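As structure tokens, the structure follows; a few thoughts come after it.
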Ligand SMILES: Cc1cc2nc3c(=O)[nH]c(=O)nc-3n(C[C@H](O)[C@H](O)[C@H](O)COP(=O)(O)OP(=O)(O)OC[C@H]3O[C@@H](n4cnc5c(N)ncnc54)[C@H](O)[C@@H]3O)c2cc1C
Ligand code: SF4
Ligand code: SF4
Ligand code: SF4
């Protein structure tokens, strides 16, 4: 029977919950806003299945990719609406054209992130683009298993641990499954995201502080309703692909317009993106991720091709270039069916500016400070600022740790 004594050993994939024959495992949110399983010991029959399917208990070997490509969707409109090269939408449309089902992450009605499946091309739009928040997997492994057993093609996209969780849950290979992960920096807390959404809606001063591009002032009396969120806006604001344009649209009682821009910033002007990219709000498992370097059993790994402008400048137009690691014949075969620009690249070129492929981030000193402030009532903006403003001695120590990590791969030095 599972017992989570060390939170860094659970990625929250929900495989154990879905596989337990007694349905005696329930996910509970902790004080950092992440879900962890809890077993009702009075119902447990000690069958051990939960441990068998857990992707965190036994590590796979490192897997060398068969081929690596820089990749661009030839349809520019689709590429501009995607986070990077627009590879996902091509794979998804092709799956549906062949009668298949696509699993991915979308916003729910409260703008929290959940996994779901769709069966038509029209339903694919909400699954497009990265949502930088951990998604709830729910029962999607079970649903995928059902479709696979019926002989339907299934495309399942998720973080590397979610993909390994799916494979462990299924416990056998299916020819009709195409599993796709992405290079994963780590997942931010759903609890922090929930509170930040409330801050965006509640607090006019938060919007002022979040960036000079904020367009719409509003007061508590005129609470806006969020109608759209994009973590990777490329067009609006002229942000392009590389600046991580973060845009929130809403319906404001002041303007009544469905598409008012409530917030529009680039990553280094936005408190949530800063807390994410400075690693204050990642799930504990992400600081010692066991599924990097092709260990997730995915057929394809997709990601941003950071640094393409210096390696192959002719391939970059700032509208988004992806990198793709092909791990299986199935992954290779689907590339013949989609309309994509591919450029074969070397491993060193692909990972040069994307260390998340092979290494986890270190726990920053600011993480403890962030949670100290956030859990005692400070806003996300305040907690992030306070966490960033560390004493000089700590900043030097952090810098040394980062340099050491680069040189000899030191991890989790603060643990
Ligand atoms: C939390 C997170 C961290 C990432 N870290 C890196 C990184 O360090 N380096 C890098 O190069 N790329 C990273 N990516 C991947 C990158 O942002 C793009 O998703 C990827 O390049 C695919 O882009 P695309 O244009 O082909 O497809 P898109 O249209 O952007 O499709 C994205 C796919 O990811 C799925 N997805 C979106 N959000 C989530 C989520 N929260 N959980 C699970 N699945 C989700 C969607 O359903 C869709 O299938 C990360 C993505 C996420 C969600
Ligand atoms: S040991 Fe079996 S019954 Fe007990 S929690 Fe795990 S899967 Fe459920
Ligand atoms: S990693 Fe997944 S399977 Fe393992 S304990 Fe956590 S939720 Fe359960
Ligand atoms: S960094 Fe690793 S553990 Fe964290 S979400 Fe990504 S794949 Fe999972």
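No lab work stands behind these numbers, since they all come straight from the coordinates. Fair warning: this is a prediction, and the values are worked out from it, not measured in the lab. Backbone-built Cβ (ideal geometry, glycine too); neighbour counts: all protein chains shown.
Suppose each label sits 7 Å from its Cα in the direction of the beta carbon; what would the residue 202-residue 47 distance come out to in nanometres?
4.4
Could you tell me how far the Cα centroid of segment 76-100 sits from the Cα centroid of segment 104-168, in Å?
Their Cα centres are 15 Å away from one another.
Any idea what the alpha-carbon Rg over 2.2 N^0.38 Å comes to for segment 7-53? Spell out each step's value before the answer.
Numbers: Rg = 10.7 Å, N = 47, 2.2 N^0.38 = 9.5 Å.
That works out to 1.12 for segment 7-53.
Among 117, 196, which comes first, then next, by fewest other beta-carbon atoms within 10 Å?
On the way: 117 17, 196 24.
Least crowded to most crowded, the residues run 117, 196.
For segment 364-408, list log₁₀ I(q)/I(0) at each q in 0.13, 0.14, 0.33 Å⁻¹, using the Debye formula over Cα point scatterers of equal strength and ignoring solvent, two decimals each.
-0.33, -0.37, -1.06
With equal scatterers on the alpha carbons only and no solvent term, can you work out the Debye log10 of I(q)/I(0) for segment 276-415 at 0.10, 0.17, 0.18, 0.21 1/Å?
-0.49, -1.04, -1.09, -1.24
Based on the inverse mean of 1/r over its pairs of different Cα atoms, what is the Kirkwood hydrodynamic radius of segment 337-384, in Å?
On the way: mean 1/r = 0.0685 Å⁻¹.
In segment 337-384 this quantity evaluates to 14.6 Å.
Using the number of other C-beta atoms within 10 angstrom as an exposure proxy, rank 87, 4, 137, 183 with the fewest first. Before the final figure, lay out the partial values.
On the way: 87 29, 4 16, 137 26, 183 21.
Ordered by Cβ neighbours within 10 Å, fewest first: 4, 183, 137, 87.
At residue 236 and residue 354, where each label point lies 7 Å from the Cα along Cα→Cβ, what is the point-to-point distance in nanometres?
2.7
Calculate the all-directions average of the projected area of the chain's alpha-carbon convex hull, and give it in nm². Intermediate values should be presented prior to the final figure.
On the way: hull surface 83.2 nm².
For the Cα atoms of the chain, the hull's average projected area reads 20.8 nm².
Please give, to one decimal in nm, the separation of the simple spin-label points placed at residue 171 and residue 397, each 7 Å out from Cα toward the Cβ.
Result: 4.6 nm between the two label points.
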